[in-house]
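Report on the structure given below.
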Amino acid sequence: MILVRDVFQAKYGKSDDLVAHFKALNTMLPAPRHREILTDASGQFFAVVTHLQAKDLGEWQKMQKQVFAHPGFGK
């Protein structure tokens, strides 16, 4: 099992827009074992963290290919 964690620093006041973007992106993803979007409550504000669990690196790479091939991904 692997956990893929991506950390993004949004521009001031734009973290809600970034969260909305990731929620839309989640509709393009195949259903992984576990997926979540986190925002900060303290420390450096406007950070958005995504977590995605996959069985192994091969499964994660397969999901990435499916997302990049999705017609709505470029938008």
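The figures follow:
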quantity: Hey, H51 surrounded by 13 or more Cβ atoms within 10 Å (Cβ to Cβ) and at pLDDT 85 or above or not; calculated: yes
quantity: Members of segment 2-25 that are on the phi < 0 side of the Ramachandran plot, in a loop (DSSP other than H, G, I, E, B) and not aromatic (F, W, Y); calculated: A10, K11, K14
quantity: Residues that are touching a Lys or Arg at 6+ places or on another chain (Cβ under 8 Å) and hydroxyl-bearing (S, T, Y), drawn from segment 34-69; calculated: T50
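The rows are residues; the columns are (1) modelled with pLDDT of 80 or more; (2) out of contact with any helix residue (DSSP H, G or I) (no Cβ under 7 Å at 6 or more places or on another chain); (3) surrounded by 10 or more Cβ atoms within 10 Å (Cβ to Cβ).
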| site | (1), (2), (3) |
| --- | --- |
| I2 | yes, no, yes |
| K11 | yes, yes, no |
| L18 | yes, yes, yes |
| N26 | no, yes, yes |
| F45 | no, yes, yes |
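The values are calculated or read from the model by the stated rules, or taken from the named source; none is laboratory data. Given the structure is predicted, the values throughout are model-derived calculations rather than measurements. Glycine also receives a Cβ, built like all others from the backbone with ideal geometry; neighbour counts cover every protein chain displayed.
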